[in-house]
Amino acid sequence: MRPILFALLLLPLAVPASAQRPASPGDKVAAMAPAMDRATGALLDLDIGPILDAADPYHRRPYVRHRTLRDIARRDDPYFEQRLRGQIYGTTAAMARMADAIAAAMPAMRRSLDRMKYEIDAAARDARQPLPPGDADDGWDRDLDDDGPDGEPYDE
């Protein structure tokens, strides 16, 4: 009896990867957050001291060997990196939710676009067909255009 119970407990682990829930678009977006964090870290380690010296060669600065974007940003805000990391992960989480919402709405949007395409095609087909004789503009009196609202002529 115990081996059967043990096998039943291990059954969810034996489900093949193809039967598991596929990754949603939001999961893919959220998975990019660590890569964006690493890329931003590499950008923050960029030494921009020579660029600053070249932009203003006559400005006297004390010689500093490495002037990175991280050092310059951290000078004014000691919590700069924590704030930046929070913005990166917060933005990717919001983008992941948006991607999931768009993916959920996609079937309805596709149906709406298909319906709109059908209606436009039907209108174009109807516009190409000639009108039956005696059916065009029978109920419209062209002379009313020259009269006022009560049937009296306009003054010119």
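A compact table of results
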| quantity | calculated |
| --- | --- |
| Any pair with Cβ under 9 angstrom, 6 or more apart, that starts in region 83-94 at a residue that is within 14 Å of Lys28 (Cα to Cα) and ends at one that is not in a helix (DSSP H, G or I) | Thr92/Ala31; Thr92/Met32 |
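Residue by residue, here is whether (1) surrounded by 10 or more Cβ atoms within 10 Å (Cβ to Cβ); (2) out of contact with any helix residue (DSSP H, G or I) (no Cβ under 8 Å at 6 or more places or on another chain); (3) at pLDDT below 90 holds:
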| position | (1), (2), (3) |
| --- | --- |
| Glu81 | yes, no, no |
| Ile102 | yes, no, no |
| Leu113 | yes, yes, no |
| Ile120 | yes, yes, no |
| Asp155 | no, yes, yes |
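The values are calculated or read from the model by the stated rules, or taken from the named source; none is laboratory data. Note that the structure is a prediction, hence the values are computed from the model and not measured. Virtual Cβ from ideal backbone geometry, glycine too; neighbours counted across all protein chains shown.
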